[in-house]
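Below is one structure, written out as structure tokens; the observations come after it.
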There are 2 protein chains.
Amino acid sequence: MSEACPDEFVAFAEALTELAAGIVRPLFRTALAVSTKADLTPVTDADREAEAAMRARLAEVFPGHGVIGEELGSLRAEAEYVWLFDPIDGTKSFVTGKPLFGTLVALARRGRPILGVIDQPILNDRWVGAAGRATVHNRAPVRTRPCAKLAEAALAATTPDMFLGADAARFARLKAACRFATFGADCYAYGLLASGFLDLVAEATMKPHDYAALAPVVAGAGGAISDWEGRPLTLASDGRVLAAGDPRLHAQALRLLAEG
Amino acid sequence: MSEACPDEFVAFAEALTELAAGIVRPLFRTALAVSTKADLTPVTDADREAEAAMRARLAEVFPGHGVIGEELGSLRAEAEYVWLFDPIDGTKSFVTGKPLFGTLVALARRGRPILGVIDQPILNDRWVGAAGRATVHNRAPVRTRPCAKLAEAALAATTPDMFLGADAARFARLKAACRFATFGADCYAYGLLASGFLDLVAEATMKPHDYAALAPVVAGAGGAISDWEGRPLTLASDGRVLAAGDPRLHAQALRLLAEG
């Protein structure tokens with residue numbers, strides 16, 4: 001992330017989340033969103049429609065860029081610049097009426113995320129992080145808070161059910177060392193961490209379109225984010241993510257997450 | 001709940017949540033709320049101040065009524081009418097900046113909840129349920145949605161960590177039978193259930209000030225709510241709560257929660 005992200009990409013990413021919000025927002029807490037109870041299909045339709053709109057806009061503005069989307073797959077994924085879209089990250093929150101889902105837009109250059117937007121269209125919370133810039137929340141710079149000890153840390157994860165196999169024990173070890181754990185926030189938790197309200201987020205079984213936007217948001221607010229081995233997140237990461245507001249805490253959490 | 005709750009009590013309960021909101025709302029996402037990181041003490045102070053304000057108002061208006069509060073204990077708990085206050089239900093959500101905590105005000109007559117208010121002062125969501133009335137959300141009547149099968153049900157709980165001993169396996173059995181589970185909403189989940197966005201909420205280790213307000217909200221929207229044995233909630237219940245939007249689903253969930 002040594003090279004600054006061009007301004008035009010930042011403005012474009014924000015415009016894309018607004019495009020998605022125009023499709024997603026009207027469906028929140030409507031009969032369409034919940035018509036088949038726990039069936040997530042109607043939301044998938046909204047997800048797909050919003051992703052298609054973002055991809056169409058991208059093809060007009062940056063036709064040479066690649067794209068990876070949750071619903072509609074990959075195109076030119078080998079390009080220098082690749083965009084990642086997840087119109088409704090937190091589908092279960094969306095269908096159950098909890099305004100903690102988010103629209104994620106990220107840009108990776110040569111496999112490394114250099115720009116990320118987390119947009120919550122109901123609460124009107126938007127975090128924007130980009131290489132060479134301070135992360136902003138609703139256009140105001142934000143910073144993570146210091147927290148040097150796990151015993152003082154507030155930890156978040158979307159659900160303990162996301163940790164499979166040995167990862168469940170690794171997460172349980174981290175959780176036991178923290179002051180407390182809270183669940184259920186999806187991408188919104190990383191925004192809260194960037195703004196200094198959470199100290200740690202540990203998650204797993206994530207896809208590039210789930211985590212690519214989070215890395216620039218956390219890093220640009222002074223936090224540390226990596227996989228569970230401490231390696232920088234790339235589009236080839238294994239789906240395990242550890243974010244800490246305080247880099248000292250990140251190092252401690254990595255030791256607890258180490259296997260064996 | 002056969003006897004209707006007097007109007008004056010309903011209006012008074014709503015006024016009490018507004019009193020609490022005036023104290024709690026300004027502290028959300030402020031340095032005070034998070035000043036000591038994961039230490040919950042500053043929030044406890046806000047909780048106590050809001051509870052004291054509600055108790056003082058109660059003493060003026062209904063001096064013969066009893067009161068049970070999260071922070072300041074019980075007074076005249078043997079009175080015919082007893083009020084229950086929890087200014088910040090969902091302390092962890094509050095301190096981590098998630099607007100899913102709530103202010104709970106309930107009134108019990110001879111140990112049975114007859115009135116409940118769930119108020120979310122940041123999102124401005126208020127559910128009011130009372131014996132003899134339809135539950136309202138922001139003054140509009142709401143109904144739970146039909147869902148006859150566990151396999152189609154969306155289940156919520158605040159955290160899987162709230163289930164101790166054998167209850168963890170009982171909850172896991174229920175969760176495995178449902179379409180999916182979502183975590184992290186505290187009292188707000190019961191409001192979402194009353195409004196038809198969730199089908200089941202199963203929780204445990206709750207105190208009367210946590211659950212008393214929920215019973216009239218769920219029942220007045222057409223749902224079923226009880227302990228895990230199917231008994232109506234009273235101030236002497238054991239802290240296990242099962243709420244279902246569809247009474248048919250409630251019966252099925254009870255069978256799965258049965259021990260053995």
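The values are calculated or read from the model by the stated rules, or taken from the named source; none is laboratory data. Only a predicted model underlies this, so the values are computations on that prediction, with no experimental measurement involved. Quick reminder, even Gly has a Cβ in these numbers, built from the backbone with ideal geometry, and neighbours come from all protein chains shown. To get the accessible areas, we keep the full protein, side chains included, count just its heavy atoms, and leave off ligands, DNA and RNA. Shrake-Rupley method; radii C 1.70, N 1.55, O 1.52, S 1.80 Å.
Listed by first and then second residue, the pairs with beta-carbon distance under 9 Å, at least 6 apart or on different chains, first residue in the stretch B:214-231 and outside the structural domain of B:A130 (by TED's automatic domain parsing) and within 21 Å of B:R170 (Cβ to Cβ), second charged (D, E, K, R) and at pLDDT below 95, are B:W228/B:E259. Among the conditions (1) facing chain A (nearest Cβ under 7 Å); (2) assigned to a strand (DSSP E or B); (3) not aromatic (F, W, Y), the only one that B:L155 does not satisfy is (1).
Looking across the stretch A:54-75, the residues that are open to solvent by less than 30 Å² (accessible area, probe 1.4 Å) and under 20 Å from A:R25 (Cα atoms) come down to A:M54, A:G69.
Name the residue that is most open to solvent (accessible area, probe 1.4 Å), counting only residues in the stretch B:158-194 that are within 7 Å of another protein chain (Cβ to nearest Cβ) and in a loop (DSSP other than H, G, I, E, B). By that ranking, first place goes to B:R179. For A:T144, the requirement of being within 11 Å of chain B (Cβ to nearest Cβ), β-branched (V, I, T) and either in a loop (DSSP other than H, G, I, E, B) or touching a Gly at 6+ places or on another chain (Cβ under 8 Å) (or both) is not met. With respect to being out of contact with any strand residue (DSSP E or B) (no Cβ under 8 Å at 6 or more places or on another chain), of a type outside the set (A, V, I, L, M, F, W, C) and not in a loop (DSSP other than H, G, I, E, B), A:R231 falls outside the description.
Here A:R57 meets each of (1) away from chain B (no Cβ under 14 Å); (2) modelled with pLDDT under 95 with one exception, condition (2).
Within the stretch B:195-220, the set of residues being among the aliphatic types (A, V, I, L, M) and either part of a helix (DSSP H, G or I) or in contact with a Leu (Cβ under 8 Å, 6 or more places away or on another chain) (or both) comprises B:L198, B:L200, B:V201, B:A202, B:A204, B:A212, B:A213, B:L214, B:A215, B:V217, B:V218, B:A219.
Taking the residues in the stretch A:76-95 that are over 30 Å from B:A157 (Cβ atoms) and either crowded, with 24+ Cβ neighbours inside 10 Å or touching a Phe, Trp or Tyr at 6+ places or on another chain (Cβ under 9 Å) (or both) as candidates, determine which candidate is farthest from the other protein chains (Cβ to nearest Cβ). Applying the filter and picking the extreme gives A:Y81.
Within the stretch B:119-141, can you find the residues that are among the charged types (D, E, K, R), away from every other protein chain (no Cβ under 11 Å) and open to solvent by less than 20 Å² (accessible area, probe 1.4 Å)? Selection gives B:D119 alone.
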